[in-house]
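Here the structure comes first, spelled out in structure tokens, and everything after it is commentary.
The values are calculated or read from the model by the stated rules, or taken from the named source; none is laboratory data. Keep in mind that what you see is a predicted model, and the values were worked out from it rather than measured. As a convention, Cβ positions derive from the backbone with ideal geometry for all residues, glycine included, and neighbour counts pool all protein chains shown.
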């Protein structure tokens, strides 16, 4: 989906909500059609983003190793989307088996409303192995959270 298509989809969604709340009579965005030529031009102009090389990954790990969110930040190096990391619960993480399940997403809408929902696709749901570094960091993070709750 191109950025123009994404913008139109967001506008349509917002206007659908406005129609449901009777703030507007009709969703005019439903009638908008993006010309194929424009969609193709945007796709061909899109820059290819290269993944990090091994040195860049190591630099990132070193840069965040003292951060409170070290464990969750390491999850970002795996194949997870940010919303999937934010939607994760400890029930999804099996530190003993060094695995995690992705089943939920969590996003912030309008800087006020937290929206939780199922993953983007069924393919996203499944068990992922946790590398030792990530498992150890998540163990420390969980222990830190328990200690924080105890101090309360």
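The table below lists the values:
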quantity	calculated
Residues that are surrounded by 10 or more Cβ atoms within 10 Å (Cβ to Cβ) and part of a loop (DSSP other than H, G, I, E, B), drawn from region 100-116	103, 104
Residue in region 4-31 that is modelled with the lowest pLDDT, counting only those that are over 18 Å from residue 110 (Cβ atoms) and surrounded by fewer than 10 Cβ atoms within 10 Å (Cβ to Cβ)	31
For residue 130: the one exception among (1) exposed (fewer than 14 other Cβ atoms within 10 Å of the Cβ); (2) within 21 Å of residue 67 (Cβ to Cβ); (3) in contact with a strand residue (DSSP E or B) (Cβ under 7 Å, 6 or more places away or on another chain)	(1)
Residue in region 91-99 that is closer than 30 Å to residue 5 by Cβ, surrounded by 12 or more Cβ atoms within 10 Å (Cβ to Cβ) and in the same structural domain as residue 145 (by TED's automatic domain parsing) present	no
Conditions (1) within 30 Å of residue 133 (Cα to Cα); (2) part of a loop (DSSP other than H, G, I, E, B); (3) in contact with a helix residue (DSSP H, G or I) (Cβ under 8 Å, 6 or more places away or on another chain): number failed by residue 25	(1)
